[in-house]
Amino acid sequence: MNLSNRTAVVSGGSSGIGKAIVSRLHAQGWSVYTCGRDATKLAALARELPGVTTAVCDVSDRLAVRAFASAVAAAAPSVDFVVSNAGGLCEIDFTRSDLAGLDLSAELRNNTEGAINLIAEFLPGLRAASRASVLIVSSGYGLAPATRAPVYSASKAALHSLSKSLRRQFAPLGIAVTELIPPVVDTPATAHHKVPKLSAEKVAAQAVDGALKGLEEVRPGAVRFLPMLLRLAPRMAERVVAKT
Ligand SMILES: NC(=O)c1ccc[n+]([C@@H]2O[C@H](COP(=O)([O-])OP(=O)(O)OC[C@H]3O[C@@H](n4cnc5c(N)ncnc54)[C@H](OP(=O)(O)O)[C@@H]3O)[C@@H](O)[C@H]2O)c1
C-alpha cells in the first residue's frame, strides 16, 4: 500500500509508546503530526525524525487542541489516522497523601478529557478521509484497577467505555475505533517501576498494525488473557492486577 500521502496525528509522540508509534508511521512513509507540552522534547524528536511535524499543545486544553487541528488542516485537509496516546500516571495513596496539596484530577483531564478533545477536534479531518482509523491508548488498569493508581485507573476505564461507544457512533462514517490496552511497557514513565515490561516498539507495531486492520482491541502481552480471566475468575484476576 502506498502510504506516502496518508496523514496521521499522534498525541504525545515525544516519548515512550507515542514516540514508537510516530517512528513506525514515519518509517512507513506517513505524514506524521504530533504534539506534547514540552518544546525541548518535541525539538529533539523533530531532529531525530526529519519530516515529522511537531506542535506544542496540551491535550487537556480544548482550544489548544482546536488550534493544533486547524494548523494540521491547513496542511492536510484529511486525516487518515488519529492516535490518542498522550497521558500519564500518578501514584496517589488517598490514605497517606496530603490530599489538600495534590491536583487530584490531572489524570482525568490529561488522559480522559485529552482523548475526548483530540478526537472531537480532529473529527472533521477524519470525516474528510475516505476511510479512517482512531486508536485510543487506554491501559490494562482500565479493565481492572491498580491499587497504587486509583485516579489513573478510573481515567482509563472511562477510555475503555468511550472506545466502545465511539466505535458504534463512527461505524456508519467509515471510521474504525481501536483500543490499545497495554500491560506495563518500558518507557521513561515506568523507569522507576521494577516489574517485567514489554518494549514500546513491540507494542507500537502491534497497535498500528491492529488499528489499520480495523481490530476493535489490541491487547499486547498478558493483557490478552485479562478479559477471559475477569469472566472466569474475577476476584483472582482483580487481585493480581491490583498489585502490579
Ligand atoms: N508505559 C506503560 O506501562 C503504559 C501502560 C499502559 C498504558 N500506557 C499509556 O500509554 C500512553 C503513553 O505512556 P508512556 O509510558 O509512553 O508515557 P511517556 O513516556 O511519559 O510519554 C507520554 C507522552 O505524552 C505526552 N503528554 C502527556 N500529557 C500530555 C498532555 N496533557 N498534552 C500533550 N501531551 C502530553 C508527553 O509529552 P509532554 O510531557 O512533553 O507533554 C509524552 O510525549 C499514556 O496514555 C499511558 O497512560 C502506558
Ile17 passes all but one of (1) assigned to a loop (DSSP other than H, G, I, E, B); (2) out of contact with any Asp or Glu (no Cβ under 8 Å at 6 or more places or on another chain); which number fails? (1)
Just checking, how many residues over the range 33-55 are surrounded by 15 or more Cβ atoms within 10 Å (Cβ to Cβ) and not in a helix (DSSP H, G or I)? 10
If you scan the range 8-32, which residues turn out to be surrounded by fewer than 24 Cβ atoms within 10 Å (Cβ to Cβ) and more than 12 Å from the ligand (Cβ to nearest atom)? Ser23, Arg24, His26, Ala27, Gln28, Gly29, Trp30, Ser31
Among residues of the range 167-198 being among the small types (Gly, Ala, Ser), touching a strand residue (DSSP E or B) at 6+ places or on another chain (Cβ under 9 Å) and not in a strand (DSSP E or B), the residue surrounded by the fewest Cβ atoms within 10 Å (Cβ to Cβ) is Ala171
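Take the conditions at pLDDT 95 or above and within 16 Å of the ligand (Cβ to nearest atom) and apply them to Ser155. Does it pass?
Against the criterion (at pLDDT 95 or above and within 16 Å of the ligand (Cβ to nearest atom)), Ser155 qualifies.
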For the range 188-217, enumerate the residues that are within 7 Å of the ligand (Cβ to nearest atom) and either small (Gly, Ala, Ser) or within 21 Å of Ala144 (Cβ to Cβ) (or both). Ala189, Thr190, Lys197, Ala200
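The values are calculated or read from the model by the stated rules, or taken from the named source; none is laboratory data. Remember, predicted model here, so these are calculated numbers, not experimental data. Heads up, the Cβs are rebuilt from the backbone with ideal geometry, glycines too, and the neighbour counts pull from every protein chain shown.
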